[in-house]
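Below is one structure, written out as structure tokens; the observations come after it.
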Amino acid sequence: MRRPAIVQFNLSPTLGGAEVYTAFFSRALAARGWPTRVVVSPAARFWTDLDFGGVEHSPFRYGADALEHGDIALVHASLPDPMLARLAGHFVVGLAHQALYDDTRPAYYDRADLLLAVSRHVAVTLHHRGLHRVHPTPLYGVADLERGGAARAIVAGALFDADARKLRDRVLTAFSRVRRTIAPARRFERRSGLTLGIVSRIAPLKQFPALFECLVPILATHAGVNLEIFGTAVGHKSLAALQEVLSPLGPRVRYWGHQRNVASAFRALDYLLTGLPEREALGLNAIESCLAGTPVLAIAAPPFSETMKEGVTGFLYHDPRKDGGADFERVLTGIENGSLRPDRDAARAHMDAFSLSNFADRLDLVMKDIAAAARRVQ
């Protein structure tokens, strides 16, 4: 029986976890014999940094039939309402890349005939918000560091994405570009002591300022701990909020901005710090960090507790908003004095669950269900 052709849509103008997911999702479909192509925003330039495994990704053209030669539409990111309306009459699958913590959600979540959740945590939040057409299999993801530039020395990049609607953002962006042009590149050099850090978009859903409000008083008493912040903030406001809450740590915190080669950033750390859990969907950066050989410190709650393994891929600690950070201090002290050490050999075995092959096998079974459902409604 002919397999239906899958047309994927991701018109996001910025690179984030959902865009990385779109690339390895495409490779997994192709690996299991599902014909697919991806429609992307013509304004986005980052797609060439990602490995699609030969799957075509082409810019969306207004007025064109985006689903031409396709049987099923699979949506990864928000679409304009007129485009969603044009998918009427087609079977639409939505990838739920974000947990729902209020009534705000992408319009395609409600339009989809079926939603796929990237974790059990996301599926639970979808059900809590009245969305019940959710496939029961959480897809999880792929630990994949083969993207971006070749491994090389880490240098400071752009600290935030400018909001074109805000004069301050435009002025600060222009100033920072001039400064990077005329000043020598600021290169990363590892410092003595324990290095914790972030490798992530500095986005509101990560809730880094709220996390560090709890952790900074503890970090302040551990003079041998430094923080390295890798990633672009979503607007200057997000960057400023993080800088303000971390300011008591002074020069122990450094900001490195955008990095094309994320593997180098992960390996610059002793431990990766994740944000607060409830708005997270999967924690793809935590999975990637483990693949890079860098263990993770995360709050003991979904989705992190779904993918991380205590004492193996790192350590889970109680939510510091509930215990004032006491359990985080226990973990941090144990790491510093050597009483807590992750089992790196077991971590390598644990990471097999996040191989492309295992992901492709899960996706193949899900796609067979989707193809059967699409045939029933035709």
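What percent does the relative contact order of the chain come to when contacts are Cα pairs within less than 8 Å and at least six residues apart? Please list the in-between numbers first.
On the way: 686 pairs, mean separation 60.0, N = 378.
Result for the chain is 16 percent.
At a 1.4 Å probe radius, carbon and sulfur cover how many percent of the accessible area of the chain? Write out the running numbers ahead of the final one.
On the way: 9170 of 16880 Å².
Carbon plus sulfur share of accessible area: 54 percent.
Which net charge results for the neighbourhood of Leu131, defined as the other residues with beta-carbon distances under 13 angstrom from its beta-carbon, given Lys and Arg at +1 and Asp and Glu at -1? Mind dumping the intermediate values first?
Working: positive: Arg105, Arg111, Arg129, Arg133; negative: Asp103, Asp110, Asp113.
Charge balance in the 13 Å sphere: +1.
What full-extension length gain, to one decimal in nm, is calculated for Ala5 and Leu340 as 0.36 nm per residue of separation minus the Cα-Cα distance? Intermediate values should be presented prior to the final figure.
Working: separation 335, 0.36 × 335 = 120.60 nm, distance 4.96 nm.
Length gained, Ala5 through Leu340: 115.6 nm.
If packing is taken as the average count of other Cβ atoms within 10 Å, what order do 302-311, 358-367, 47-56 fall into, highest mean first? Before the final figure, lay out the partial values.
On the way: 302-311: 19.8, 358-367: 17.5, 47-56: 14.9.
Highest-to-lowest ranking by the protection proxy: 302-311, 358-367, 47-56.
What accessible area per residue, rounded to a whole number of Å², is obtained for the chain using a probe radius of 1.4 Å?
45 Å²
Can you list residues whose amide H is under 5 Å from Ala5's amide H, if they're 5+ apart or on another chain and H is modeled 1.01 Å from N?
Under 5 Å from the amide H of Ala5: Asp71, Ile72.
With a ≥ b ≥ c the root eigenvalues of the C-alpha gyration tensor of the chain, is it rounded (a/c under 1.5), prolate (a/b larger than b/c) or oblate? Numbers along the way, then the final one.
Details: a/c = 1.85, a/b = 1.47, b/c = 1.26.
It is prolate, given that a/c is not under 1.5 and a/b is the larger ratio.
Working from Cα positions, state the angle (0 to 90°, nearest 10) between the long axis of helix 167-182 and the longest principal axis of the chain.
70 degrees
Compute the length gained on full extension between Asp323 and Ala223: take 0.36 nm times their separation in residues and subtract their Cα-Cα distance, giving the result in nm to one decimal.
Working: separation 100, 0.36 × 100 = 36.00 nm, distance 2.19 nm.
Going from the current span to full extension adds 33.8 nm.
The values are calculated or read from the model by the stated rules, or taken from the named source; none is laboratory data. Keep in mind that this is a model prediction, so the values were computed, not measured. Positions of Cβ are backbone-derived with ideal geometry, glycine not excepted, and every protein chain shown enters the neighbour counts. Quick note on the areas: whole protein, heavy atoms, side chains included, nothing else; ligands and nucleic acids left out. Shrake-Rupley method; radii C 1.70, N 1.55, O 1.52, S 1.80 Å.
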